[in-house]
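J.: I'd like to ask some things about the structure below.
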């Protein structure tokens with residue numbers, strides 16, 4: 001006696017006006033079933049480019065347990081947009097004698113022609129996914145090169161403020177009055193040739209200065225001091241990044257020692273931007289930097305002494321930190337040569 005049930009699978013990667021909702025997909029599929037018991041599997045917020053979807057995996061497990069007789073979807077690309085994943089899924093369906101039905105695309109999976117048509121459709125589904133992916137990537141890099149802030153929290157010492165660039169609403173960095181002086185202090189301390197990241201971290205701990213309500217760590221210092229958003233980018237900074245093989249979007253004349261810079265991961269570049277600057281993208285930001293860039297490209301500062309900062313008379317810290325704006329760390333020396 002047949003005691004297996006039907007399964008309805010629905011997926012929606014993003015909630016948009018031009019995409020059909022999961023609820024609507026299920027209604028279409030229920031009409032295809034015309035009554036009878038079924039179980040629905042709903043993956044909301046998951047892409048069809050792979051099978052890393054919790055409810056999809058649950059469906060596959062139920063098939064292997066012999067619980068499913070037929071799988072119904074609203075459209076083929078709801079269950080898969082990958083040729084390889086789809087072929088693997090169909091092999092599993094055939095192994096467990098599971099029928100596959102698309103409520104808007106009529107396929108007979110019991111015939112070679114029907115299976116061939118399914119494969120053709122999944123090829124176009126994958127093509128559509130890759131086309132959309134390329135379009136999104138193109139838009140991302142287009143916005144990068146125009147100086148847009150590309151999501152994420154503001155770096156330490158800054159906060160985000162809404163603005164409009166070329167008629168498009170976005171956000172820009174402005175100094176955070178509560179933390180900008182602390183960020184400047186890190187640059188000033190690192191300007192001392194014998195000061196290491198460890199020295200700065202120990203000094204902050206001794207003075208009770210917290211960053212994001214935590215004790216300062218060397219890794220955070222290293223990452224922050226390499227971020228060109230802090231620098232008032234001048235011609236020397238331009239030449240340094242050019243010399244390291246970075247893709248500098250703006251002309252040299254634009255580097256007037258005022259604005260900070262965004263450093264974006266280069267297109268098709270595998271090496272992380274804080275490891276290798278070659279082919280990474282540097283573009284002037286609409287916001288001003290908060291520390292002057294160095295007048296020359298200092299090198300060979302990777303070896304630092306570890307003596308206590310207090311012994312060198314470093315500036316005192318407290319609620320009302322005052323640091324010298326005219327003398328800050330040579331930002332060029334912080335990037336890998």
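J.: Quick one: which of 244-253, 193-202, 40-49 comes out on top by average Cβ neighbours within 10 Å, and what's the full order, highest first?
T.: Numbers: 244-253: 15.5, 193-202: 19.0, 40-49: 17.5.
Final packing ranking: 193-202, 40-49, 244-253.
J.: In what order do 80, 13 fall by count of nearby beta-carbon atoms within 10 Å, going from fewest to most?
T.: Lowest to highest Cβ neighbour count: 13, 80.
J.: Can you compute the modelled spin-label distance between residue 104 and residue 136, with each label point 7 Å from Cα toward Cβ, in nm?
T.: Between residue 104 and residue 136, the simple spin-label model gives 1.9 nm.
J.: Expressed as a whole percent, how much of the Cα-Cα distance distribution for segment 110-166 exceeds 15 Å?
T.: Values: 1102 of 1596 pairs.
Here the tail beyond 15 Å accounts for 69 percent of pairs.
J.: How much length is gained if the chain between residue 19 and residue 226 is pulled fully straight, taking 0.36 nm per residue apart and subtracting their Cα-Cα distance, in nm to one decimal?
T.: Details: separation 207, 0.36 × 207 = 74.52 nm, distance 4.17 nm.
Taking 0.36 nm per residue and subtracting the Cα distance, the gain is 70.3 nm.
J.: Separate question: Per residue and in Å³, how big is the convex hull formed by the alpha-carbon atoms of segment 130-250?
T.: Values: hull volume 19.1 nm³, N = 121.
Convex hull of Cα atoms, per residue: 157 Å³.
J.: Any chance you could get the radius of gyration and Dmax over the Cα atoms of segment 1-121, in Å?
T.: Looking at segment 1-121, its Cα Rg and Dmax stand at 13.5, 44 Å.
Computed from the coordinates by the stated procedures, all read-outs in this text should not be read as laboratory data. Just so we're clear, the structure is a prediction, and the values are computed from it rather than from any experiment. Counting neighbours? That spans all protein chains shown, and the Cβs are built from the backbone with ideal geometry, glycine included.
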